[in-house]
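The values are calculated or read from the model by the stated rules, or taken from the named source; none is laboratory data. Everything numeric in this text was worked out from a predicted model, so none of it was measured. Here the Cβ positions follow ideal geometry from the backbone for every residue, glycine too, while neighbour counts run over all protein chains shown.
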C-alpha cells in the first residue's frame with residue numbers, strides 16, 4: 001500500500017533536482033493528517049487510497065486538487081530585486097561606487113584593465129601598474145573583498161534551498177513512520193530514527209538560515225546599503241568551474257613578474273602568501289571537480305536506480321526518501337566545494353598582483369579564521 005500511495009516521491013529523485021516534489025509529498029501528508037494529537041485510523045488509509053482512485057493519474061492529480069482546494073500556507077510573494085548582482089564583477093563595481101576615491105584610479109588604469117580586475121582575471125593585468133598608479137592596492141583589495149563576499153552569499157542561499165528540501169523529505173519519512181505506528185504496523189521504536197532524522201534536519205536548516213542571513217548582511221554592509229529595504233538579487237549558481245587550473249610553470253612565471261615590481265619586505269610577504277594561495281587554489285579545484293564529475297554523478301545514478309527499483313516494488317518508500325536526503329547532502333557538499341574553490345581562486349589571483357591574504361579558505365567548510373559565514 002505504501003508503494004502505491006507514495007509513488008510520486010520518485011519525482012524528487014530525477015537527475016534534475018526537484019525540491020517541489022518533496023513539498024508536494026508533505027502537502028499530501030498534511031492534507032490527510034487529523035487534528036493535532038489525534039492518531040489517524042486504518043480507515044484513513046483506505047479513504048486515502050479510494051480518493052487516489054478517483055483521479056485518472058492517481059496521486060499526482062490528487063495533489064494538484066489538494067493544492068487548489070485545501071487551505072495551505074500563503075505563497076511567498078514574487079519579490080523583484082532592487083539590485084541584481086548576477087556575476088561577481090557586478091558586485092565589485094557596486095563596491096567601487098561606494099569608494100569615490102577609486103574613480104580616479106580606474107580612470108588611470110583604463111577601461112580594459114579595470115574590466116579585468118572586476119572579473120577577477122588579475123593574472124592578465126600588468127603587475128607594473130602597482131608601482132605606477134597610486135591607490136591600486138585599495139582598488140584590488142575592495143575588488144577581492146566584494147568578490148569573496150558575493151561568493152559566500154550565493155553559496156549560503158544555495159545551501160539553504162537544499163536544507164529546506166532535506167527537511168521536507170525527513171518530515172515526510174517521519175509522518176509516514178507515525179502513521180505506521182498508529183495502525184499497528186510499527187513499534188514506536190521503529191519510528192524513532194525518522195524522528196531523529198527530522199530533528200537533525202531542522203537543526204541544519206536553522207544553521208543554514210542563519211548562515212544565509214549573515215552572508216546577505218555581509219554583502220549589504222560591503223555595499224553600504226544599510227537595513228533590508230533594498231532587495232538583493234543573486235544568481236542560483238556559481239560561474240562554470242574552469243576545466244583546468246593554472247599549472248606550476250605558468251604560476252611561477254606570473255609570480256616572478258610581480259615579485260620584480262615589489263620592494264623587499266613586501267615581496268617576501270607576497271611570495272609566502274602566494275605559495276600558500278597556490279596550494280589552496282590547486283587542491284580546491286581538484287576537490288570541486290571530483291564532487292561535480294564523480295560524486296554527484298554517482299549519487300544521481302544511485303537515485304535513478306532507486307526510483308527504478310521503487311517502481312518495480314523492489315525498494316521501499318523509506319529507501320527512496322533516504323536517497324532523497326542523501327542526494328541533498330551530496331548537493332550541499334558540492335556547493336561547499338565550489339564555494340571553496342572560488343574563494344581560493346580570489347585569494348590566488350590577488351597574490352598575482354602583489355596581495356598577501358592573511359587567512360585562507362579551510363577546505364571542507366568556512367574560512368580559516370572563522371569570520372566567514374559557515375555553509376554547514
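Observations on the structure shown:
- Qualifying position, being buried (at least 23 other Cβ atoms within 10 Å of the Cβ), at pLDDT 90 or above and under 28 Å from residue 209 (Cβ atoms), among 334, 346, 375, 330: 346
- Any hit, the stretch 81-92, residues being over 23 Å from residue 155 (Cβ atoms) and assigned to a loop (DSSP other than H, G, I, E, B): no
- Residues of the stretch 225-250 satisfying the condition of being touching a residue at least 60 places away in the same chain (Cβ under 8 Å) and under 28 Å from residue 129 (Cα atoms): 239, 246
- Evaluated against (1) under 30 Å from residue 359 (Cα atoms); (2) loosely packed, with under 13 Cβ neighbours inside 10 Å, residue 296 falls short on exactly one condition, (2).
- Taken over the stretch 76-112, the residue count meeting the criterion of being surrounded by fewer than 17 Cβ atoms within 10 Å (Cβ to Cβ) and farther than 21 Å from residue 225 by Cβ is 8.
- Residue 217 being more than 22 Å from residue 275 (Cα to Cα) and not in a helix (DSSP H, G or I): no
- Answer residue from the stretch 246-264, given it is part of a loop (DSSP other than H, G, I, E, B) and over 14 Å from residue 351 (Cα atoms) and is farthest from the chain's Cα centre (by Cα) among those: 263
Here is a yes/no grid of residues against (1) under 24 Å from residue 328 (Cα atoms); (2) surrounded by 17 or more Cβ atoms within 10 Å (Cβ to Cβ); (3) modelled with pLDDT of 95 or more:
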| residue | (1), (2), (3) |
| --- | --- |
| 202 | yes, no, yes |
| 206 | yes, no, yes |
| 209 | yes, no, yes |
| 214 | yes, no, yes |
| 222 | no, yes, yes |
| 227 | no, no, no |
| 231 | no, no, no |
| 234 | yes, yes, yes |
| 237 | yes, no, no |
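- Output for the stretch 253-274, where each listed residue is without any contact (Cβ under 8 Å) to a residue 12 or more places away in the chain and surrounded by 13 or more Cβ atoms within 10 Å (Cβ to Cβ): 267, 268
- Qualifying residue in the stretch 152-173 (condition: buried (at least 19 other Cβ atoms within 10 Å of the Cβ) and either free of Cβ contacts under 8 Å to residues at least 40 places away in the same chain or touching a strand residue (DSSP E or B) at 6+ places or on another chain (Cβ under 7 Å) (or both)): yes
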